[in-house]
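Everything below concerns the one structure shown next.
The values are calculated or read from the model by the stated rules, or taken from the named source; none is laboratory data. Everything quoted here is computed from the prediction, not taken from an experiment. Cβ sites come from the backbone with ideal geometry, for glycine too, and all protein chains shown count toward neighbours.
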Amino acid sequence: MSVSQGSYAIVVHGGAGGKPEYKDGCERAAQRAVEELGISGDALEAAIAAVTVLEDDGRFNAGRGSVLGLDGETVEMDASVMDTRGRLGAVACVRGIENPVLLARAVADTPHWFLAGDGADRFAAAIRHPLWNEISEHQREQHRKVREALAGAAPAMPGVGNRAFLRFWNYRSAPDLPPGAACDTVGAVVRAPDGHFGVAASTGGSAPSLLGRVGDTPIIGSGFYAGPAGAVATTGIGEYIVRHLLAHRVYTWIEDGMPLEQALKRGIALFDKDVDVGLIAVSRTEAGAFSNREMPQARISN
């Protein structure tokens, strides 16, 4: 589908540390964003359209592919949206719903910008947001890998001892982990033909993590940011990303005139090599992605 007048750019990622063979999912998501631009011409709606494809894919840590909590049962999801028309919405720790990014978009129409936990779930029920409670074999296999990682000597999360997750266990069920002692996001950034920018992100959280954990994805300036100069989305270990307000920091470098590729590389250089982190961004004239890990991605521009 053609997109009328003006240049546009779309960048989609499937998570720092994601498998390269998942690139096909990112390509489908980017193409869906192009189609949405052809329909609405709206940067935010295009970014959301891309992220919904990734949430529905089942392989990515978002939506239907979200990681299971340490109890092997609980799924908690976060999502966010923002654009240069003033729309801003986010949700955290939502359960049993389909396409959290669409719920974040719905929050942007309320008097608030961020809803979490039970309140967000009740909001979803109030607006009759679709439910999703199925757990796939892919999710169970990812959980088995986390259990195996916690049984090893190497930290399952950089800088955190594996036994800490047992020490601070806060699930309803009793711990059932190996004796002794995973984490990414999906996202899209769009520059529409009219010059507006939009960003959308979604995640199933971190593995391993305690119940109620919130990372960078729904935190404005950390996991996402959009302004007159562009849009940025991050992926990786949120506990480290939030300390740098990474999305906004990279955005300000772009706004100040730094070439986009340089800004992305400078952002990644803030982190220790053991910390998974990735960035995607669009500016008025450029689009790009950079990560210190494999990161499935796709870009489309004219």
For the range 92-134, the count of residues that are surrounded by 17 or more Cβ atoms within 10 Å (Cβ to Cβ) and closer than 14 Å to Gly63 by Cα equals 14
The condition of being out of contact with any helix residue (DSSP H, G or I) (no Cβ under 9 Å at 6 or more places or on another chain), at pLDDT 95 or above and of a type in the set (Asp, Glu) holds, among Glu286, Glu261, only for Glu261
| message | Can you confirm whether Val91 is out of contact with any Lys or Arg (no Cβ under 8 Å at 6 or more places or on another chain), part of a helix (DSSP H, G or I) and within 14 Å of Pro218 (Cβ to Cβ)? | response | no
Residue pairs within 7 Å by beta carbon, gap of at least six or interchain, first lying in the range 15-27 and of a type outside the set (Asp, Glu), second crowded, with 24+ Cβ neighbours inside 10 Å and assigned to a helix (DSSP H, G or I), listed first then second, are Gly25/Leu54
If we take the range 206-302, then helices (runs of 4 or more DSSP H) inside it with 3 or more residues that are over 25 Å from Ala104 (Cβ atoms) and within 14 Å of the chain's Cα centre (by Cα) are none
Expected output for the range 111-140 (first residue modelled with pLDDT of 95 or more and in a loop (DSSP other than H, G, I, E, B), partner among the aliphatic types (A, V, I, L, M) and surrounded by 12 or more Cβ atoms within 10 Å (Cβ to Cβ), Cβ below 6 Å, 6+ apart or cross-chain) is Trp113/Leu88; Ile127/Ala106; His129/Ile97; His129/Leu103
Picked from the range 36-50 (must be among the acidic types (Asp, Glu) and over 16 Å from Ala90 (Cα atoms)), the residue surrounded by the most Cβ atoms within 10 Å (Cβ to Cβ) is Glu36
Flagged in the range 32-84 as out of contact with any strand residue (DSSP E or B) (no Cβ under 6 Å at 6 or more places or on another chain), assigned to a helix (DSSP H, G or I) and over 30 Å from Arg172 (Cβ atoms), in numbering order, are Arg32, Glu35, Glu36, Leu37, Gly38, Ile39, Ser40, Glu45, Ala49, Thr52, Val53
Within the range 94-103, the residues that are outside any loop (DSSP other than H, G, I, E, B) and farther than 12 Å from Val199 by Cα are Val94, Ile97, Pro100, Leu102, Leu103
Of the listed residues (Gly72, Gly89), the one being crowded, with 24+ Cβ neighbours inside 10 Å and within 26 Å of Asn133 (Cα to Cα) is Gly89
Within the range 182-205, restricting to residues that are outside any loop (DSSP other than H, G, I, E, B) and not hydrophobic (A, V, I, L, M, F, W, C), the one that is farthest from Pro100 (Cα to Cα) is Arg191
In the set Thr185, Thr203, the lone residue that is buried (at least 19 other Cβ atoms within 10 Å of the Cβ) and at pLDDT 95 or above is Thr203
Checked Ser66, Ser80 against criteria (under 25 Å from Gly41 (Cα atoms), touching a Ser or Thr at 6+ places or on another chain (Cβ under 8 Å) and not aliphatic (A, V, I, L, M)); the one match is Ser80
